[in-house]
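The structure appears below as structure tokens.
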Amino acid sequence: MADIVRLFFIVFLIVVGLTAYVLVVNALFAPRITRTKSIARSTPVRSLGIGLVNFLFFAVIALVLLSVAENTGPVLRAILTLPALVILALLTIGLSLGLTAMANLIGEQIFSDLPARKQLLWGTVCLALACALPFVGWFLLFPYVGLSGMGAVLLGFLKRSEQS
């Protein structure tokens, strides 16, 4: 029984922390999140495809750089590790912005009668709890939402540069 209470408490703290993080990211990058949300709503399949291809491409490059760096001397290790860490940081930023936009979109669709901040809050809670579902949430829902959001972020950057 103590393990169940501990697990429930850990999940509760993770959901609260994730909700706070998404609220802050939405507040700091509101125009980017709005653009990403509209792109994810209008072209979900294209967003998923672009997110999947770019994530796999850059993740493979980062993993190859880290793998090669592991078997080299200290100077070359630093030279190879730095670009890999930059790539991983950019992937994390893209996933973070994408998940925020998708949580915003989910909250808007499920809780359309609430104010925008409460939509985002409850959308994040719903998304976090749904992604915590074993197997289906872990291996289907989370990759779909994360990669769709990341693809929408990339499409948002491309559309912005085309308009400039």
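All of the numbers you see were taken from the coordinates with simple rules; none came from a lab. Given the structure is predicted, the values throughout are model-derived calculations rather than measurements. Using ideal geometry, Cβ is built from the backbone for each residue, glycine included, and neighbour counts are taken over all protein chains shown.
Roughly how many whole Å is it from the C-alpha centroid of segment 1-27 to that of segment 44-94?
A separation of 28 Å, based on Cα centres.
Can you compute the helix-only [θ] at 222 nm over the chain? Use -39500 (n - 2.57) per DSSP H run of at least 4 residues, normalise by all residues, nearest 500 deg cm²/dmol. The partial results should precede the final answer.
On the way: 6 runs with 142 residues, N = 164.
It lands at -30500 deg cm²/dmol.
For a quick check: sort 138, 122 by the number of other beta carbons within 10 angstrom, fewest at the front.
138, 122
Order of 144-155, 14-25 by packing, highest average Cβ count within 10 Å first?
144-155, 14-25
Cβ neighbours within 10 Å, averaged per peptide: list 2-9, 99-106 in order, most packed at the top.
My ranking of the peptides, most packed first, is 99-106, 2-9.
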